[in-house]
Every structure is written in C-alpha cells, then in structure tokens.
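Accompanying notes for the structure given below.
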Amino acid sequence: MFLFYHMLAGAFLPFLILSGKWVSAENINFYNVRPPLDPTPFPNSFKCFTCDNAADNYNCNRWAEDRWCPESTQYCLTVHLFTDHGKSTSVTKKCATREECHFVGCHHHRESGHTECVSCCEGMICNVEIPTNHTNAVFAVLHARRTSAGSRRTVNVAVLVLVVMMVLS
Ligand SMILES: *[C@@H]1O[C@H](CO)[C@@H](O)[C@H](O)[C@H]1NC(C)=O
C-alpha cells in the first residue's frame, strides 16, 4: 500500500459524509465504509512521505511507502535539490526529530549551481509539497498546518458538492 492511495481514500471520505446529508440515509450501505486499514501504533503517531533521493516530487510521492514514523520522531522533513532553472535533481523525505529540523532554509552552492532547500512540518502526511524558496523552506508546526489543511478541505467539499448536485439533477 502506498501513501498516494491512502490520500486518495482520504479525499473520498468527505463525499461519504456529504452524501449522507444529501441523500436519504437508507440508500447508504455503511458496511461498505471501511475503517482505517491499520490501527495507530501509539498516541500521536503519524506518517510522512518517505523517499530517498527521488528524481522529483512526483516520483517521491508516487512511490513513497505507507508506514508509521518511529516514536522518537515528531516531524516530516523534506530535502529538495534543484538547478538554477528550478529543475529538481533530488527529493528526499523522511520522519525527523526536532534536532534535524533545525536546518530548514535554502542554501545556494555556487560551485555546482545547485540550491538545496530543507523544510519540516508537523502532522499526518504533511510533507506533500517540496520547498523551493525561503518562503516555503520553513519549520511549520501544527497551528500553521491546520489552516492550510482547512482551506484544502474547503476546496474538496466545494468540488464534491458540485459532483453530488450533478448526480442528483
Ligand atoms: C516561493 O515558491 C512558491 C511556490 O513555488 C511561490 O508561490 C512563491 O511565490 C515563492 N516566493 C518567493 C518569495 O519567491
């Protein structure tokens, strides 16, 4: 099981909740709604996209293994190496400790013409994007993350309301 599919499943959950409101309850077979595949191994457990030296962000996320982070870690770390033209040459993502997250930011290596940006975030599968500049190569803790997750959910719900309306009309 890959994280990419895990996220797809998450995208459909609001649909089930929504359709429960819009369609009468007896049309829904709740036995088809599957519980989470794996129970959480310990309190506050989370997952990160994890890959080692992938060619770009797509190839990192696409093949990232769906696995819980070790209890000693609290954050998801992303290292992005790219050329002066902004083309990715390496993407590494992993679970990280607070100490490893002290090195967030971007550094330009003049000899190689490469820039390396490091970012950290807190929360379930929070390291979807890659850092590209000083604005996003930051250590984002849960409060900031909640805001962005909230707006993403709003977009999801808006799209799903549209789909439900199309189905019902
Ligand atoms: C940083 O990168 C993001 C995403 O690529 C972009 O939207 C933003 O404008 C950039 N910020 C700066 C200051 O270059």
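The values are calculated or read from the model by the stated rules, or taken from the named source; none is laboratory data. Nothing here was measured: the structure is a model prediction, and the numbers come from that model. As a convention, Cβ positions derive from the backbone with ideal geometry for all residues, glycine included, and neighbour counts pool all protein chains shown.
Annotations for the structure displayed:
Here is a yes/no grid of residues against (1) at pLDDT 95 or above; (2) away from the ligand (no atom under 16 Å from the Cβ); (3) within 18 Å of THR50 (Cβ to Cβ):
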residue: THR78; (1), (2), (3): yes, no, yes
residue: LEU81; (1), (2), (3): yes, no, yes
residue: LYS87; (1), (2), (3): yes, no, no
residue: ALA96; (1), (2), (3): yes, yes, yes
residue: GLU100; (1), (2), (3): yes, yes, yes
residue: GLU111; (1), (2), (3): no, yes, no
residue: ILE130; (1), (2), (3): yes, no, yes
residue: SER148; (1), (2), (3): no, no, no
residue: VAL164; (1), (2), (3): no, yes, no
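- Here is the figure for the stretch 113-128: residues that are away from the ligand (no atom under 14 Å from the Cβ), surrounded by 18 or more Cβ atoms within 10 Å (Cβ to Cβ) and under 26 Å from THR40 (Cα atoms) total 7.
- Counting only strands (runs of 3 or more DSSP E) that fall entirely inside the stretch 31-119 and contain at least 1 residues that are in contact with a helix residue (DSSP H, G or I) (Cβ under 7 Å, 6 or more places away or on another chain), the qualifying elements are 51-54, 75-83, 88-96.
- Inside the stretch 19-30, residues that are assigned to a loop (DSSP other than H, G, I, E, B) and either modelled with pLDDT of 85 or more or out of contact with any Ser or Thr (no Cβ under 9 Å at 6 or more places or on another chain) (or both) make up a count of 3.
- Close pairs (6 angstrom Cβ cut-off, 6 or more residues apart or separate chains): farther than 11 Å from PRO131 by Cβ in the stretch 100-111, outside any helix (DSSP H, G or I) and not aromatic (Phe, Trp, Tyr) anywhere: GLU100/LEU77; CYS101/CYS120; PHE103/VAL118; HIS107/GLU116; HIS108/THR115
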